[in-house]
Amino acid sequence: MKATLLALGLTLLCTCVRAQQNATGTVSGDLVDESTGDPLGFANVAIYNEADSLVAGATTDLDGRYEIVNLPYGNYRMELSFLGYGTSNQAIALSAGSPALSYPGLRLGEGGQNLDEVVVTADRAVMELGLDRKIFNVEKSIAAAGGSAEDLLRQIPSIVVDLEGNVSLRGSGNVRFLVNGRPSGLTGTNTQTFLQSLTASNIERVEVITNPGAAYDPDGTGGLINIVLKNKREDGFNAGVTLNAGSGNKFDGNVDLNWRQGKFNTTAGVSGRYDERFFRGYRDQTATLADTSFSRYFTFDGTRQRQSQALKLGTEYFLSQRGSVSLSGNYQWDQGNSYNLRTTEFYNSADELARTSYRNEDEPEEGSDYEVRADYRTTFAKEGRQLSAALQMSNSQETEDHLLYEQVFVNETPFSTARQTNPSNSGRRQYLGQLDYEQQMGEFKFTTGWRSTLQQLDNESVFNVFDNASENYSRVDSNSNRFLYQEDVHAVYATLGGKVNKFVFSAGLRAEQAYTTSELTAPTEENFTNDYFKVYPSVFLGYEVSENGTIQASYSRRVNRPSSRDLNPFVDRGDPLNLRTGNPFLLPELINSFELNLQQRFDKGTFTGGFYYRQLSDLITRVTETLSGGVSLATQANLDSGRDLGVEIITTYRPTEKLDLTASANAYRTVVDGTLAEGAVAANGYLFAGRLQGSYELPWSVASQFTWFYRSPGVTPQGRMGTMTSFDLGFRKPILKDLGAVTLRVTDLFNQRKFSYVTEVSGLYTSSQFQRESRIVYVGFQYSLRPRKDRPRREQGGGDREGGGDDF
């Protein structure tokens, strides 16, 4: 009996010991962005015991998921953090009765909101580092208040905007724009017009994606710039008003409305903008040709005026707890006028003034764009699966005229007069269809999709000259043309991503079949067809060096498809001494892009540094030849190859609670090799650009911000560019119980934003400098009507997330 009791006791003791040894639990969940609902990959999850010592930790995967296993029973504090977001804390208690705790959908964002026991305590940083992108939050940017999207992009690291509004990313001017993560017809016809018409106060954030994955269109060898517009999601009624006025007749304003009730979420907005700016410059040319030599000096003095109005309307309907449909539309109308007095002094070989030309150039224009889009999105009863579909149609129309009147004087005596007009009309229609599916498979995520984009362009340009005898304009058929372009691109793609230990990866492949047809119907009939099939792979690999540091390597193949302007053989004679034409035989430019980046977070800041290398084939570049009389003709041509090698650094530092600093620098070298009809082409170029940005909290709750920009002199394939610098300063004061604010900002405070360059082509030496009005003082007012935070929250789709609803 004693032996039996002893054996039973030993058995119970061993069982208790084993039970004590296995008394561990699991904590899991996922982390998302509070404002967008997007998963936060690479976020930190740390577990602290009651003595506030770190006992376990993990990093979220691509979908923001985390799981910590073998955690002994007890009371803990779970801390969740992500670069650029506030730190959140969750009290947890593991026991035999609760061995597995799950916290789905925890959110990080701006401070002040309580989610159960999670408290967000910090404001979102100006810059966030995503898995495949850099995210710049601009909603509170003082420097952007009252400006356009073009003004806003001037504040973003990696991006340079020239005087004409042309955008380049890391030195590449071939940039693809997305709106809310998808292609938009509003950006396709004239990107400069779109950026100048879009009010910066409507933008929530700008995402820079230099090596996009297979899910994105491969267009844009420099990368993608995704402009995310504001979209209120709080229940009830939301309204926002922004008004701004700038020196020299500059005004803009917008009203945004949002109403969310039950199964509907409806948004509406209207905006208007008026802008006038002077444009000044000079061009000094010296020609040393085979049979003669001469020089000429140009001065430009003009104004550019633009006004625009935009209307947006959309509604989303929640079919069930899992699915929703939405319909949205945008309409934009703009008009403008550019006036310029071009004075040209012609000097002979003895450097004597031979004649003077006064050329009045008047260019009125008007355009309209609209876009309609329908979306469907649903999840499935089995978690981790999602299906979405979209249809989109956009249409753009633009009319423009060049009215030219020139008088030529010899020794102050009238010698000749000439008049001409160049009216043009361009239209663009685009259709887009898209279907995407994603599925979570444990630690891995699989996505696949299809997209077809069909677009048609019709450009007609007429060249008229004035006949003094008949006192009428007559058309010059040989200098007029009509150009039609059709491009259909059909694509399928698939990606697979996931996390293995400390490695995060994503690999994808995109296959595209493109059909392109260029048709010249006047003055002669010609057809140019180029159909091609291409495959675009992409690979991303990240390694977690520590809790605060990661190394990322990526590769993608991309394409630069020639635009209709690049292909159109029409000769632009707006400047009779500097002609411009397209090349219908252009081939698409292909690029293989490689990147290696290090991301490190410190107590008071962050550091991001990396190298990038771009290998280009069939490089599209601008080439210029000199015609008789020193007239230059610029066009586009394919060169054999090109290479870009660069380094980029972005760092943030917060030395005190009131001061935030962001410094960025980008330096690159480009090499071009090829052969043209004139012979071999080989050129090296280099350039450096940097920014220093800072914000400081002054007394009386006044926030201040500054941005200093510097671009070094550099060598380009066409010549040399001069230095460009600028300094912007802004202040913001909250009013009306923090529901409103007044702003004061000055752009280009020291009036230094000038563009200069030097070129030498076929005996023609050119030195130029131009400036568009940039020192402007803006005064602004913003007001936001928000629902009360203590109002009971209504669930999406009219149902509870724990039950009910329909399964798909």
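The values are calculated or read from the model by the stated rules, or taken from the named source; none is laboratory data. Keep in mind that this is a model prediction, so the values were computed, not measured. With ideal geometry, Cβ positions are generated from the backbone for all residues, glycine too; neighbour counts draw on all protein chains shown. The area values use the complete protein model at the heavy-atom level, side chains included, leaving out ligands, DNA and RNA. Shrake-Rupley method; radii C 1.70, N 1.55, O 1.52, S 1.80 Å.
Quick one: count up the residues across segment 413-428 that are in contact with an Asp or Glu (Cβ under 9 Å, 6 or more places away or on another chain) and either within 30 Å of Ala354 (Cα to Cα) or not polar (S, T, N, Q) (or both).
From segment 413-428, those in contact with an Asp or Glu (Cβ under 9 Å, 6 or more places away or on another chain) are 416-428; that's our starting set.
So of that shortlist, the ones also either within 30 Å of Ala354 (Cα to Cα) or not polar (S, T, N, Q) (or both) come out as 416-423, 427-428.
The total comes to 10.
Yes or no: Lys230 in contact with a Leu (Cβ under 9 Å, 6 or more places away or on another chain), at pLDDT below 90 and of a type in the set (D, E, K, R)? First the steps, then the outcome.
Values: in contact with a Leu (Cβ under 9 Å, 6 or more places away or on another chain): no; at pLDDT below 90: yes; of a type in the set (D, E, K, R): yes.
Against the criterion (in contact with a Leu (Cβ under 9 Å, 6 or more places away or on another chain), at pLDDT below 90 and of a type in the set (D, E, K, R)), Lys230 does not qualify.
What do you reckon, is Arg580 surrounded by 18 or more Cβ atoms within 10 Å (Cβ to Cβ) and modelled with pLDDT of 90 or more?
Against the criterion (surrounded by 18 or more Cβ atoms within 10 Å (Cβ to Cβ) and modelled with pLDDT of 90 or more), Arg580 does not qualify.
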request  = Determine if segment 379-395 includes at least one residue that is in contact (Cβ under 8 Å) with a residue 12 or more places away in the chain, of a type in the set (Ser, Thr, Tyr) and surrounded by fewer than 15 Cβ atoms within 10 Å (Cβ to Cβ).
outcome  = no
query = Among (1) surrounded by 16 or more Cβ atoms within 10 Å (Cβ to Cβ); (2) free of Cβ contacts under 8 Å to residues at least 40 places away in the same chain, which single condition is Glu525 missing?
reply = (1)
query = Just one of Ile203, Ile156, Ile135 is modelled with pLDDT of 70 or more, within 30 Å of Asn684 (Cα to Cα) and open to solvent by less than 40 Å² (accessible area, probe 1.4 Å); which is it?
reply = Ile156
inquiry  = Looking at Leu698, Leu676, Leu645 in this structure, which one is on the phi < 0 side of the Ramachandran plot, at pLDDT below 85 and out of contact with any helix residue (DSSP H, G or I) (no Cβ under 9 Å at 6 or more places or on another chain)?
reply    = Leu676
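Working only within segment 600-622, note down all residues that are open to solvent by 30 Å² or more (accessible area, probe 1.4 Å) and outside any loop (DSSP other than H, G, I, E, B).
Within segment 600-622, Gln600, Arg601, Phe602, Phe607, Phe611, Tyr613, Gln615, Ser617, Asp618, Arg622 meet the criteria.
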task = State which residue is nearest to Gln155 (Cα to Cα) when the search covers only segment 706-720 and only residues that are part of a strand (DSSP E or B) and out of contact with any Lys or Arg (no Cβ under 8 Å at 6 or more places or on another chain).
result = Phe706
task = With the checklist (1) in contact with a Phe, Trp or Tyr (Cβ under 8 Å, 6 or more places away or on another chain); (2) in a strand (DSSP E or B); (3) not β-branched (Val, Ile, Thr) in hand, flag the one item Tyr532 doesn't pass.
result = (1)
note = Residue count, segment 241-262, condition modelled with pLDDT under 85, open to solvent by 20 Å² or more (accessible area, probe 1.4 Å) and either assigned to a strand (DSSP E or B) or closer than 12 Å to Leu785 by Cβ (or both), comes to 1
ask   = So which residues in segment 280-298 are among the hydroxyl-bearing types (Ser, Thr, Tyr) and open to solvent by less than 50 Å² (accessible area, probe 1.4 Å)?
value = Ser293, Ser295
request  = State which residue is modelled with the lowest pLDDT when the search covers only segment 742-785 and only residues that are over 26 Å from the mean Cα position of the chain (by Cα) and at positive phi.
outcome  = Ser762
